[in-house]
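The values are calculated or read from the model by the stated rules, or taken from the named source; none is laboratory data. Remember, it's a predicted structure, so these values are computed and weren't measured experimentally. Positions of Cβ are backbone-derived with ideal geometry, glycine not excepted, and every protein chain shown enters the neighbour counts. Calculation scope for accessible area: heavy atoms of the full protein, side chains included, ligands and nucleic acids excluded. Shrake-Rupley method; radii C 1.70, N 1.55, O 1.52, S 1.80 Å.
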Amino acid sequence: MSNRWGALMKRRTLAEYLDISEQAVERQVNAGTLPAPILFAGRAHWRKDAVDAALARLSGEGEIPEHVRKLQAKYGQAA
């Protein structure tokens, strides 16, 4: 059985992986919630392991980034 999600994903694939729009991917990258892409073969790609690590931090696993702490404080969520 092959793994549907490769180590690197283009924006469209990442959007599908996260079940969000491509525009939402861009917004989340600009907000610092998702990692920036890397250039590979002349195109922007996201590392799946970096995306998964960012999602783990958002769900409370590991260190919570300062910008997320500020948002949590603003919206009354536990940090």
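Within 10 Å, at most 15 other Cβ atoms, and a DSSP state outside H, G, I, E, B define an exposed site. Report the longest part of the chain free of exposed GluC sites (Glu not before Pro). Mind dumping the intermediate values first?
Details: sites that count: Glu61, Glu63.
Result, exposed sites excluded: 1-60.
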- request: Measure nothing but the geometry: give the 0 to 90° angle between the long axis through the Cα atoms of 48-58 and the longest principal axis through the Cα atoms of the chain, rounded to 10°.
  value: 10 degrees
message: Can you tell me the orientation of helix 22-31 relative to the chain, as the angle in degrees between its alpha-carbon axis and the longest Cα principal axis, to the nearest 10?
response: 50 degrees
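Under a 1.4 Å probe, what is the accessible area of the chain per residue, stated in Å²? Show your work: numbers first, answer last.
Numbers: 5690 Å² over 79 residues.
Result: 72 Å² of accessible area for each residue.
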- prompt: On the accessible surface of the chain, probed at 1.4 Å, how many percent belong to carbon and sulfur atoms?
  reply: 51 percent
